[in-house]
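Encoded as C-alpha cells, the structure appears first; notes follow it.
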Amino acid sequence: MKLYQAPLEGITTYIYRNALARHFGGADKYFAPFISPYEKIVISAKERAQLTPSHNEGIDLVPQILTMDAEGFLKLTHLLHEEYGYEEFNLNFGCPSGTVVSKGRGAGALKDLELLKEFLDRITDGFPYRLSVKTRVGFSDVGEWAALLDLYNRYSLSELIVHPRVGRQMYKGVPDMAAFEYALVNSRNPVVYNGDICTVDNKVIKSNTEINAIMIGRGMVANPAIFREIKGGSCPTGGELMDYMSDICEAYRVEFDSEINVLHKLKEIWVYMGPYVINRGGGSERDLKMLQKTRRLVEYKAHMRSLLSGLKST
Ligand SMILES: Cc1cc2nc3c(=O)[nH]c(=O)nc-3n(C[C@H](O)[C@H](O)[C@H](O)COP(=O)(O)O)c2cc1C
C-alpha cells in the first residue's frame, strides 16, 4: 500500500514537503494544494515557486487543478508540462468551501453530472498526461455516489482518490466506509482512500484490501512521522519535532520579511500538531494557547520548547 501526502492549502507548501521528507522520510507521492487557471496570468509567481522542480528535488509531486474551464485546464497543464516536466495532474472535485462550491467548482462540480461529463469529455479527449481525480462521494447525499462513480468509470484515470463524505458535510460526521467499499468493488480505476486517518491503528491501514494507496492530510500535520510509523518505524521524539519545526521556521524566515507571516505559517501547523503533542504528554493546553497568541518569534520558540521537552517516547 502506497502512502500519499494530501494537499492542504496554506500548510503543505514546498517548504513543508521538504522538511517532511528530510526529517521523517516523507511520502510516496505528494499532492500540491490546488491552483486554478486565470485568463491573463495562467500561473502566478507564487504558484511557480511552489511547483518549480528546483524546490521539489527528490519529491514525487502532482499538481492539483481546481477548475471547470476545460480550455484553462488544458492551457495550464500543457504549460506545467512544457516548463516543469509534469506528467501527471490531479483534479479537485472535493473542496467544500462556500466560495468554491458557489462557482460550481470543487465539490460543487458534483451537483450537475451533465456539466461534469461535458468537462471531463473535453479535457480527456487526447489528453497526453496521466490524470487522477480527488472526489467526495456526492454533493448533498451519498445516494448520488453510484451515478457519479459510473461517470468516473467512463474515463481512464491513473487514480480515483475517494474522500467518503459528501460536499455538504464539509468535515463533519465520519467517513462513509460503505461508500468507499462500493468504490473498491465498482471502480474500474485504481482507488485511493482519504479521510480521518490519524493513527497507525486506523482500520483502513489494518485492513488488507485492494486499496492502491492511502492519502493522509491532517493526521500527517499532527504527527509528521505517521508515514514512518505505518512502515513500522518509531513515533517522533521531542528532539526530532524540534529540529523539524526549527527547519520549517528558518525556511519561512528566508521566504518572508515579516515575523508575523512566519508565525502565521508555523501556527497553522500547530493547530494540528499541538493536540497530538499534548496527548503524548508534552506540555499543556496553556502552552499551546500562549504559542498561538504570541506575535514574537522568540516567545514562540520558548513555548515550542515547553511543548516538546516533556514528550514521552511512546
Ligand atoms: C486546511 C485544509 C486545506 C485543504 N486544502 C486542500 C486542497 O488544496 N486540495 C484538496 O484536494 N484538498 C484540500 N483539503 C482536503 C484534504 O486534502 C483532505 O482531503 C481532507 O483533509 C481529509 O483528509 P484527512 O482527514 O487525512 O485530513 C484541505 C483540508 C484542510 C483541512
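Summed over the stretch 281-314, residues that are at pLDDT below 95 and not in a helix (DSSP H, G or I) total 9. Restricting attention to the stretch 212-244 and to residues that are assigned to a loop (DSSP other than H, G, I, E, B) and open to solvent by less than 40 Å² (accessible area, probe 1.4 Å), the residue that is farthest from residue 185 (Cα to Cα) turns out to be 236. Annotation: of all residues in the stretch 8-28 being in contact with a strand residue (DSSP E or B) (Cβ under 8 Å, 6 or more places away or on another chain) and open to solvent by less than 20 Å² (accessible area, probe 1.4 Å), the one that is nearest to the ligand (Cβ to nearest atom) is 12. Which residue, of 98, 106, is surrounded by 14 or more Cβ atoms within 10 Å (Cβ to Cβ), modelled with pLDDT of 95 or more, closer than 22 Å to residue 136 by Cα and within 16 Å of the ligand (Cβ to nearest atom)? Result: 106 is the single residue among 98, 106 that is surrounded by 14 or more Cβ atoms within 10 Å (Cβ to Cβ), modelled with pLDDT of 95 or more, closer than 22 Å to residue 136 by Cα and within 16 Å of the ligand (Cβ to nearest atom). Of the candidates 232, 217, 274, 239, the single residue that is out of contact with any Gly (no Cβ under 6 Å at 6 or more places or on another chain) and within 13 Å of residue 23 (Cβ to Cβ) is 239. Residue count for the stretch 76-95, restricted to those that are out of contact with any helix residue (DSSP H, G or I) (no Cβ under 7 Å at 6 or more places or on another chain), surrounded by fewer than 16 Cβ atoms within 10 Å (Cβ to Cβ) and either modelled with pLDDT under 95 or not acidic (Asp, Glu) (or both): 2.
Where the second residue is open to solvent by less than 20 Å² (accessible area, probe 1.4 Å) and in a loop (DSSP other than H, G, I, E, B) and the first is under 10 Å from residue 217 (Cα atoms) and lies in the stretch 1-15, which pairs have Cβ atoms under 7 Å and are six or more apart or on separate chains? Note: pairs meeting the criteria are 4/27; 5/12; 5/27; 6/217; 7/32; 8/217.
Number of residues in the stretch 111-146 that are of a type in the set (Ser, Thr, Tyr), more than 16 Å from residue 101 (Cα to Cα) and surrounded by 14 or more Cβ atoms within 10 Å (Cβ to Cβ): the value is 2. Tell me, please, whether a residue that is more than 28 Å from residue 211 (Cβ to Cβ), more than 15 Å from the ligand (Cβ to nearest atom), of a type in the set (Asp, Glu) and surrounded by 14 or more Cβ atoms within 10 Å (Cβ to Cβ) can be found in the stretch 50-63. No, because not a single residue in the stretch 50-63 is more than 28 Å from residue 211 (Cβ to Cβ), more than 15 Å from the ligand (Cβ to nearest atom), of a type in the set (Asp, Glu) and surrounded by 14 or more Cβ atoms within 10 Å (Cβ to Cβ).
The values are calculated or read from the model by the stated rules, or taken from the named source; none is laboratory data. From a predicted model like this one, the values you see are computed outputs, not experimental measurements. When we count neighbours, we look across all protein chains shown, and the Cβ atoms used for this are built from the backbone with ideal geometry, even at glycine. The area values use the complete protein model at the heavy-atom level, side chains included, leaving out ligands, DNA and RNA. Shrake-Rupley method; radii C 1.70, N 1.55, O 1.52, S 1.80 Å.
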